[in-house]
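A quick write-up on the structure given underneath.
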Amino acid sequence: MQNAKDLKDYRSELRESLDNEFLRKTLDTFAVSYRAGRANAFKDVDVKALIKEIADGKDEAGQHMDELFQEFKKNAEAAGVHVHLAKDADEANRIIGEIAQKADCKKIVKSKSMTAEETLLNHHLEDLGLEVTETDLGEWIIQLRHEGPTHMVMPAIHLSRFQVADLFGDVTGKEQETDIEKLVKVARRELRRKYAEADMGISGANFCLAESGTIGIVTNEGNARLVTTLPRVHVALAGLDKLTPTLHDALRVLKVLPKNATGQALTSYVTWITGANQCLAAQDERKEMHVVFLDNGRTALAKDPIFKEVLRCVRCGACANVCPVYRLVGGHKMGHIYIGAIGLILTYFFHGRDKARNLVQNCINCGACADVCAAGIDLPRLIKEIHARIQDEEGHPMSSVLLGKVLTNRKLFHRLLKTARWAQAPVKEKNGFLRHLPMVFAKEQNFRALPAIADKAFRDLWPDIKPNVAAPKYKVALFSGCVQDFVYPDQLTATVRSFDGHDVAVDFPMEQSCCGLPAQMMGELKAARDVARQNIRAFEQSDARYVICSCASCASHLKHGYVKLLQGDHVWEPRAKAFAEKIIDYSSFMSDVLQVQPNEFQDKGSKVTYHAPCHLCRGLNVKDAPRDLMRTAGLDYEPCNEEEVCCGFGGTFSMKFPELSSELLNKKLSDAEATGAEELLTDCPGCIMQLRGGVERRGSSLKVRHIAEAVAEQRKK
Amino acid sequence: MSDHIELFKEKAKLVSAQVTEVASMDEAYQFVVDLCDKKEACQLMMSGCAEAVSDPAQELCDTKQRKVVAAPNLEEADFEKLAALCKAQDFDCIRQGMRQHLGGIDIGFTVCQGGIAETGTLMLESNDEEVRLATMVAEHHVAVLPKSLIKADSYDLEQELGERLGNGPSYTALITGPSRTADIERVLALGVHGPLELHILLLEA
């Protein structure tokens with residue numbers, strides 16, 4: 001639940017979670033075992049193809065929601081079901097309350113429904129004097145504790161067996177042991193009585209099949225079978241997004257949903273109910289059955305060109321399972337009612353701007369969620385879009401407006417960077433770091449040392465470095481990005497040097513500027529678009545076949561971000577696509593295009609380990625190239641634990657949430673140190689800034705470099 | 001075909017189901033009686049019946065005094081065979097009236113209408129509420145699955161399942177292993193609301 005007034009308030013809540021040792025340990029273990037479980041479940045499955053099919057199917061359904069509703073209604077009514085449509089949460093609650101009162105129901109058992117959480121149904125029913133009991137074990141536990149879920153699939157993952165034993169002690173009036181098996185049996189017996197007494201059952205629905213008017217319910221515990229069987233009235237509450245034309249659509253989702261949620265091939269129970277079935281507790285031995293569909297903004301969402309894909313979500317919870325921020329702070333802080341990346345987005349649509357304002361800023365943009373989403377939703381991008389939308393609605397903060405203004409004016413931006421070089425002189429150390437942070441930074445930024453701006457920017461070094469290639473085999477242009485241009489020019493110099501012997505003609509278009517990702521991260525979409533156009537124009541002047549970018553974040557933004565930013569712009573969309581075609585990261589260019597060979601390198605290289613930048617391994621889906629390159633270049637590469645987990649940089653994220661950024665950084669460095677490597681290599685200057693700054697603060701002997709620097713050094717002289 | 005059966009066995013075992021091959025229904029009935037004989041009167045003793053619950057919950061539990069086998073979807077003649085074997089052991093054998101046994105029964109015995117090898121899944125027609133209840137309140141669910149009904153994957157079962165759903169009212173269950181939860185500390189526990197054990201009897205047919 002989100003109750004924080006402002007970002008400051010929100011951050012102090014986050015710090016509370018960081019101090020919760022049990023939560024931290026549980027979520028760490030979970031993150032690691034989930035990854036292995038999911039990989040195992042999908043082995044031998046073309047998961048990307050399956051996800052694409054699901055996405056297409058859900059998109060199609062979303063475009064025909066109204067027709068599907070009509071078809072479902074007709075078929076379900078023919079089988080004796082009452083079908084309702086509620087425009088919002090209040091109306092859904094009112095309808096269900098009236099059903100209970102009309103049928104003279106007093107006691108209600110419920111199986112899990114996120115939609116009922118969305119409408120806060122229990123509160124409403126309890127206000128009417130009805131007794132409501134959640135029967136999913138996790139839901140029951142949190143109901144007894146009067147709190148919301150912290151995970152969509154495992155709602156009580158934040159609680160220990162000790163807390164549950166205490167709670168069950170209160171419920172039974174008898175002291176309880178902390179043995180989990182035993183606690184589960186206590187719940188079984190307590191809840192069995194509730195089913196026996198209930199006169200109404202409320203369930204959710206994972207699928208609503210229009211062709212037959214059937215609902216499909218997915219559970220492991222089997223509680224939904226009892227909820228839909230024993231009481232004489234059954235109400236299923238479902239979002240309109242659960243409507244799907246055929247059984248085939250549902251079976252397809254079932255091939256991914258359980259695997260993605262918990263690594264299971266299939267849940268213990270999948271229950272298909274068509275119509276009012278036999279119920280021996282009812283007078284005519286027929287169940288009184290209702291299906292209540294909830295709109296609550298879904299119809300409008302289906303018409304939104306950008307956000308319609310939100311309706312694809314199948315509620316598997318995987319986006320939380322892989323989120324490095326969720327892993328640190330848990331679901332109460334990483335959502336309002338819906339949790340994880342999708343929760344950040346849905347909160348805005350279902351629960352409003354106030355609840356979403358702080359949340360949407362808490363995305364580090366590592367792309368881990370988009371990589372596993374069962375329905376292929378581009379979650380990080382949509383989170384940024386919401387952030388931008390909120391800023392458009394409420395006014396942009398001064399810092400973000402200024403950033404946007406500065407970034408769109410390249411000359412001003414570069415002049416400022418050069419001015420900063422003079423300004424930093426008094427605090428600049430010989431080792432290239434700032435002795436202490438300039439006044440504009442808060443003290444909490446001190447978890448990592450910040451680098452000084454280089455004496456000479458790459459663009460000023462370029463005339464001296466540019467290689468002379470008489471008969472070029474490859475024509476390439478460099479996109480530097482701000483960090484390499486102004487802070488780490490050596491990385492670009494090394495990039496160029498490592499092409500030696502391959503007849504690569506290199507160009508460096510001077511009109512290039514910041515890629516614009518920071519502007520997008522800050523919700524300044526207009527500035528992000530302006531900069532995109534400037535860069536595309538700058539590179540259209542060059543006849544290069546490839547645009548090499550040795551900053552993973554810039555590269556992924558240039559390749560995928562630009563096309564999306566300029567989508568629908570008749571002039572610029574095609575130009576963005578043509579530009580994107582040329583973008584290639586450093587390691588892929590070396591390994592796949594130049595196809596460098598071991599004999600070009602010295603064979604005795606130092607022991608290195610690797611950090612896979614989010615925007616390379618997921619953003620560009622480049623996984624093998626850097627690892628192959630290190631081995632080819634004669635380096636003794638030792639893989640690092642959790643190599644593909646974010647280092648905590650996330651650009652402006654690390655400025656906004658230093659307490660989270662520093663946790664991720666420390667974990668990363670501990671993993672790297674544990675390999676015993678002398679050097680930690682990576683292919684993103686942003687990561688390097690973070691990692692080096694952390695190494696400096698820890699006083700670690702680990703050396704952090706761009707992979708290009710190590711490769712250039714290994715080249716035979 | 002035999003590939004399907006091997007895959008089915010492998011996948012069912014992965015989800016903690018116990019798979020046994022039987023040559024005939026008579027063998028299946030004998031399996032049920034033997035299993036019922038061997039098991040504790042109340043399996044929950046092992047893992048929870050000894051634990052203190054609230055008084056009303058205990059009262060419901062106390063309604064179960066004798067060993068009970070329920071076989072709600074057997075034909076009359078088949079049911080008589082099973083009932084005779086149960087009687088010889090002094091077990092109750094019932095076909096209906098499950099609502100009088102919500103405190104629990106020992107074994108729910110059913111014959112399934114289909115299986116999915118890819119996931120080790122059973123398809124069980126549950127239009128009759130006695131079938132739903134027998135397979136939920138039983139401590140052990142024993143399910144007969146004729147081998148010839150096993151399909152490779154869910155799409156192969158789609159047409160049959162679709163016909164059931166299209167002819168409402170209908171209630172159809174896909175069952176993959178016993179009832180399970182991992183809601184407390186992500187520790188797997190079987191039998192949270194339904195069966196603690198699922199025995200699948202693969203029948204030569």
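Of note:
- Wholly enclosed helices (runs of 4 or more DSSP H) of region A:369-488 bearing at least 1 residues open to solvent by 50 Å² or more (accessible area, probe 1.4 Å) and among the aliphatic types (A, V, I, L, M): A:398-408, A:410-423
- Being part of a helix (DSSP H, G or I) and surrounded by 19 or more Cβ atoms within 10 Å (Cβ to Cβ) is a description that applies to A:Lys559.
- Residue count for region A:120-154, restricted to those that are open to solvent by less than 20 Å² (accessible area, probe 1.4 Å), outside any strand (DSSP E or B) and at pLDDT 95 or above: 11.
- Among the candidates A:Ala31, A:Ala55, residue that is of a type in the set (A, V, I, L, M, F, W, C), surrounded by fewer than 19 Cβ atoms within 10 Å (Cβ to Cβ) and closer than 30 Å to A:Arg357 by Cβ: A:Ala55
- Qualifying residue in region B:90-103 (condition: within 23 Å of A:Arg188 (Cβ to Cβ), open to solvent by 60 Å² or more (accessible area, probe 1.4 Å) and among the acidic types (Asp, Glu)): no
- Those residues of region A:224-237 which are buried (at least 24 other Cβ atoms within 10 Å of the Cβ) and either hydrophobic (A, V, I, L, M, F, W, C) or closer than 30 Å to A:Val310 by Cβ (or both), in sequence order: A:Ala224, A:Leu226, A:Val227, A:Thr228, A:Leu230, A:His234, A:Val235, A:Ala236, A:Leu237
- Among the residues making up region A:630-683, a single one is modelled with pLDDT of 95 or more, of a type in the set (Gly, Ala, Ser), within 18 Å of the chain's Cα centre (by Cα) and assigned to a loop (DSSP other than H, G, I, E, B): A:Gly648.
- Residues (of a type outside the set (S, T, N, Q) and facing chain B (nearest Cβ under 10 Å)) located in region A:123-141: A:Asp136, A:Leu137, A:Gly138, A:Glu139, A:Trp140, A:Ile141
- Scanning region A:84-115 for residues that are farther than 15 Å from A:Asp295 by Cα, open to solvent by 10 Å² or more (accessible area, probe 1.4 Å) and touching a helix residue (DSSP H, G or I) at 6+ places or on another chain (Cβ under 6 Å) yields A:Lys107, A:Lys112.
- A:Val153 vs. criteria in contact (Cβ under 8 Å) with a residue 24 or more places away in the chain, at negative phi and facing chain B (nearest Cβ under 7 Å): no
- In region A:583-610, the residues that are in a helix (DSSP H, G or I) and in contact with a Lys or Arg (Cβ under 7 Å, 6 or more places away or on another chain): A:Glu600
- Elements of type strands (runs of 3 or more DSSP E) contained in region B:83-189, each with 1 or more residues being within 10 Å of another protein chain (Cβ to nearest Cβ), touching a Lys or Arg at 6+ places or on another chain (Cβ under 7 Å) and modelled with pLDDT of 95 or more: B:114-116, B:170-175
- In region A:664-701, residue surrounded by the most Cβ atoms within 10 Å (Cβ to Cβ) [restricted to those that are of a type in the set (Lys, Arg) and out of contact with any Asp or Glu (no Cβ under 9 Å at 6 or more places or on another chain)]: A:Arg692
- Some residue of region A:343-353 being within 27 Å of A:Ser556 (Cβ to Cβ) and not in a helix (DSSP H, G or I): no
- So A:Gly340, is it of a type outside the set (S, T, N, Q) and surrounded by fewer than 24 Cβ atoms within 10 Å (Cβ to Cβ): no
The values are calculated or read from the model by the stated rules, or taken from the named source; none is laboratory data. Values in this document were obtained by computation on a predicted structure and should not be read as measured data. When we count neighbours, we look across all protein chains shown, and the Cβ atoms used for this are built from the backbone with ideal geometry, even at glycine. The accessibility values were calculated without ligands, DNA or RNA, using every heavy atom of the protein model including side chains. Shrake-Rupley method; radii C 1.70, N 1.55, O 1.52, S 1.80 Å.
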